[in-house]
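For reference, the structure discussed in these notes is given below.
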Amino acid sequence: MSKSSNSGLHISIGISDSDREAIAAELSKVLADSYTLYLMTHNFHWNVTGPMFSTLHQMFMTQYSEEWAALDDIAERIRALGVHAPGTYREFSKLSSISEPQDVPDAMEMIRLLVKGNEAVSKTARAAFEKADGANDQPTADLLTQRMDIHEKNAWMLRSLLQ
């Protein structure tokens, strides 16, 4: 992750420089996990087959569309904290906790992988929330609370397809 990017201008928002950088480092992990999940979900949308094609194709599109919009919110929060947001595959691969599949899995494995991916984003967001909450950073805590809610709901909906 790149360090502060404020070109020598002091940021005075009630959060110390060290806390801002620590929060941004955690948010960068959330961004990397979110981007990896977005890409996996979009890939599965394109490549799903089988009797549940229509249902999964639509569900995956709904999820990746929401995930795409969230990427900008996360990256912009990192920037508001005065730090460069990661934005390359190289950076994301170093920061992400989500493993990508080597091949195109069958539909049921896609669902399992997306459950794990959504749970991973939620765990990463929860760790970042602890940093934000500890530094009294309400905007970041709010963003992360929303992300956890969405990813836990997505995991539940996907998990329901496996029962």
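The values are calculated or read from the model by the stated rules, or taken from the named source; none is laboratory data. Predicted model, so just to flag it, every value in this text is computed and none were measured. Glycine gets a Cβ as well: all are built from the backbone with ideal geometry, and neighbour counts include every protein chain shown. Ligands, DNA and RNA are stripped out before the accessible areas are found, and what is left, the full protein with its side chains, is counted by its heavy atoms. Shrake-Rupley method; radii C 1.70, N 1.55, O 1.52, S 1.80 Å.
Values computed for the structure shown
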| read-out | value |
| --- | --- |
| Residue among Ala155, Ala141, Ala107 that is within 22 Å of Ser18 (Cβ to Cβ) and among the small types (Gly, Ala, Ser) | Ala141 |
| Residues within region 103-129 that are under 17 Å from the mean Cα position of the chain (by Cα) and free of Cβ contacts under 8 Å to residues at least 60 places away in the same chain, tallied | 7 |
| Selection count where residues are surrounded by 15 or more Cβ atoms within 10 Å (Cβ to Cβ), at pLDDT 95 or above and not in a helix (DSSP H, G or I), scope region 17-57 | 1 |
| Residues within region 134-145 that are in a helix (DSSP H, G or I) and open to solvent by 90 Å² or more (accessible area, probe 1.4 Å), tallied | 1 |
| Region 146-163 - residue that is out of contact with any helix residue (DSSP H, G or I) (no Cβ under 7 Å at 6 or more places or on another chain) and open to solvent by 60 Å² or more (accessible area, probe 1.4 Å) and, of those, farthest from Ser12 (Cα to Cα) | Gln163 |
| Filter pass, Thr88 being closer than 16 Å to Leu158 by Cβ, open to solvent by 20 Å² or more (accessible area, probe 1.4 Å) and free of Cβ contacts under 8 Å to residues at least 12 places away in the same chain | no |
| Those residues of region 58-72 which are surrounded by 12 or more Cβ atoms within 10 Å (Cβ to Cβ) and either of a type in the set (D, E, K, R) or within 13 Å of Met110 (Cα to Cα) (or both), in sequence order | Met59, Phe60, Glu66, Glu67 |
